[in-house]
Amino acid sequence: MSGSGPAPAPVPDVFDPRLYGRGIPHDRYRLLRDHHPVAWQEEPEVLGWPAGPGFWAVTRHADVVRVLKDSATYSSYLGATQIRDPDPDDLPFIRRMMLNQDPPHHRRLRTLVSRAFTPRRIDRFAGVVRERARTLLADAVAGARAGDGTCDLVARVTDDYALLNLTDLLGVPDTDRALLLHWTQRVIGYQDPDEAGAPTPGPDGKPLNPRSPSALRDMFDYAHALAVHKRRHPADDVMTALATDPELTAPELEMFFFLLVVAGNDTVRSAAPGGLSLLAQHPDAYRRLCGGEVGFASTVDELLRRHPPVLTFRRTAVQDTVLAGTRIRTGDKVVVLHASANHDERVFPDPFALDLTRTPNPHVSFGDGPHVCLGAHFARLQLSALYEEVCRALLPGHLQLAAPPVRLVSNFINGVKSLRVRVVDF
C-alpha cells in the first residue's frame with residue numbers, strides 16, 4: 001500500500017482564445033490558484049497564428065500585484081505586453097509605446113500625456129457624457145418598443161457611447177469617428193474570425209501582426225494630419241494638447257494616438273456591456289442600485305471586478321527569480337490573469353457574489369504599479385453616468401437578458417460583441 005498522497009491536479013489550459021469566446025474559465029482559474037498559482041502554459045498554433053514558446057500564468061491576486069509593481073524584475077519593454085511574441089523586426093517599433101516601456105523612460109512619457117489628460121479636462125465632459133447616455137438609451141428603448149421588445153445594447157448603445165465620448169475628448173471630427181471604431185476592431189479583435197476574418201499574411205507568409213508598423217500606417221498618417229489641423233485650429237482637447245507639446249516627438253505622437261484610440265475606446269467598450277449583463281442577471285442588485293440603496297461609485301468598481309475589460313498582460317523576466325515558489329528564468333514570459341486575481345478567495349470574500357457595496361475592493365481591472373490605467377478616471381465617469389441613465393430608462397424588471405451575451409474570441413480583451421436584452425414588460 002503506497003504512502004504517497006493524491007496526485008497533483010493537472011494544469012489546465014488558459015491560453016486558447018476560443019475558451020474566452022465561451023466564457024471566462026473560472027473553474028480553471030480556481031484550480032490554478034489553489035494548486036498551480038504560477039503555472040506553465042503551452043502556446044500551440046491556434047486560429048492561424050503560429051505557436052510560441054510558452055509562458056507562466058500568474059493567477060493569485062498577491063502575485064499579480066507583485067508582478068505589476070516590480071518593473072525591475074518583470075519588464076514591459078523586453079518583449080512588450082502581449083502574450084504572443086512580436087516579430088523581432090517589429091519589436092523596436094512596438095517598444096516606442098508607453099505601454100511597452102519601463103521606468104524611467106515610461107515615466108517621462110506618462111508625464112507628457114498626463115498634461116493633456118487632466119481631471120479638469122475630463123470632468124468638463126461629465127454633462128455631455130450623461131446626455132449621450134440618455135439619448136442613446138432612449139433611442140434603443142424606442143426601437144425595442146417599435147419591434148419585438150428587445151434590442152442589442154452593444155450595437156445600439158455601448159459601442160457608440162464609448163467611441164463618441166473618446167472622440168470628443170480627443171477632438172476628432174464627427175466625420176472621422178467611424179475610422180476609430182474600425183481601427184479598434186482591427187487591433188483588438190484580431191483573434192476573432194468574426195471580427196477580423198482570416199489573418200492577413202505578411203511578405204514572409206506569416207500572419208501580419210495588427211500592431212506592426214505596416215498595419216498601422218493609415219492610423220499614423222491620420223494622427224499626423226489631425227495634429228497639423230489642431231496646430232492651425234487649436235481647441236480644448238487632448239489632441240491639441242499633444243500636437244502643441246514641444247517635448248513630444250512625431251513618433252511619440254503616433255504611438256500616443258494609437259494607445260488612446262485603442263485602449264481609450266476599448267476599456268469602456270468592453271466594461272460597459274459586461275457590467276450591464278451582470279446587472280441584468282442580478283435583478284435584486286439592480287433594484288437596490290436603482291432604488292438608491294447602493295452608490296454608483298462602488299457599483300462601478302464591483303462590476304469592473306467581476307468583468308475586467310482586460311484579461312491578461314504580459315511581462316518578461318529581466319533576471320532569474322522566484323514567484324510563489326516557482327523558479328522563473330531570465331527571458332521567460334510571465335502573464336498576469338486579471339479576472340483570476342479579481343476572484344481570488346484569499347482577497348475577496350464570496351468572490352462570485354455581486355456585492356455592489358463591497359469594500360475594500362482592490363481589483364486589478366485597471367492594473368497596478370507604474371502602468372496603472374491613465375484613463376481610469378474618465379472610464380469611471382463614463383460607466384457611472386451610463387449605469388445611472390440605465391436605471392432611469394429601464395426600471396427594475398425591465399432589464400432582462402433576451403439571449404446569452406456573445407463574447408469576443410480573445411485571451412486579451414474581455415469583449416462582448418452582442419448583448420440582446422428585453423427592455424419592455426408585456
Given the criteria in contact with a helix residue (DSSP H, G or I) (Cβ under 9 Å, 6 or more places away or on another chain), assigned to a helix (DSSP H, G or I) and modelled with pLDDT of 95 or more, does Arg134 qualify? yes
Among the residues of the stretch 226-241, is any under 26 Å from Asn100 (Cα atoms), more than 22 Å from the chain's Cα centre (by Cα), among the β-branched types (Val, Ile, Thr) and modelled with pLDDT of 90 or more? yes
I'm told Gly264 meets every condition in (1) surrounded by fewer than 23 Cβ atoms within 10 Å (Cβ to Cβ); (2) at pLDDT below 95 except one. Can you identify the failing condition by its number? (1)
Restricting the search to the stretch 297-327, which residues are hydrophobic (A, V, I, L, M, F, W, C), outside any loop (DSSP other than H, G, I, E, B) and surrounded by 19 or more Cβ atoms within 10 Å (Cβ to Cβ)? Val300, Leu303, Leu304, Val310, Phe313, Ala317, Leu323
Can you pull out the residues in the stretch 342-383 that are outside any loop (DSSP other than H, G, I, E, B) and in contact (Cβ under 8 Å) with a residue 60 or more places away in the chain? Gly369, Pro370, His371, His377, Phe378, Ala379, Arg380, Leu381, Gln382, Leu383
How many residues of the stretch 119-156 are free of Cβ contacts under 8 Å to residues at least 40 places away in the same chain and buried (at least 16 other Cβ atoms within 10 Å of the Cβ)? The answer is 3
Does at least one position in the stretch 328-349 carry a residue that is polar (S, T, N, Q) and open to solvent by 10 Å² or more (accessible area, probe 1.4 Å)? yes
Looking for whichever is surrounded by fewer than 12 Cβ atoms within 10 Å (Cβ to Cβ) and either at pLDDT 70 or above or not β-branched (Val, Ile, Thr) (or both) here; the options are Pro201, Pro193, Pro207. Which one fits? Pro201
In the stretch 400-410, residues that are in contact with a strand residue (DSSP E or B) (Cβ under 6 Å, 6 or more places away or on another chain) and either open to solvent by less than 10 Å² (accessible area, probe 1.4 Å) or part of a loop (DSSP other than H, G, I, E, B) (or both) total 4
Gly292 passes all but one of the listed conditions (1) free of Cβ contacts under 8 Å to residues at least 60 places away in the same chain; (2) touching a Ser or Thr at 6+ places or on another chain (Cβ under 8 Å); the exception is number (2)
Given (1) at positive phi; (2) buried (at least 23 other Cβ atoms within 10 Å of the Cβ), number of the condition Gly367 does not satisfy: (2)
Select from the stretch 165-188 the residues that are acidic (Asp, Glu) and in contact with a Ser or Thr (Cβ under 9 Å, 6 or more places away or on another chain) and write down the one among them that is most open to solvent (accessible area, probe 1.4 Å). Asp174
Got a number for residues in the stretch 386-398 being surrounded by 22 or more Cβ atoms within 10 Å (Cβ to Cβ) and at pLDDT below 95? 1
Please list, ordered by residue number, the helices (runs of 4 or more DSSP H) wholly in the stretch 26-118 having 3 or more residues that are surrounded by 16 or more Cβ atoms within 10 Å (Cβ to Cβ) and not aromatic (Phe, Trp, Tyr). 26-35, 61-69, 105-116
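The values are calculated or read from the model by the stated rules, or taken from the named source; none is laboratory data. Predicted, not measured: the structure shown is a model, and the values here were computed from it. Positions of Cβ are backbone-derived with ideal geometry, glycine not excepted, and every protein chain shown enters the neighbour counts. These accessible areas exclude ligands, DNA and RNA; they are computed on the full protein's heavy atoms, side chains included. Shrake-Rupley method; radii C 1.70, N 1.55, O 1.52, S 1.80 Å.
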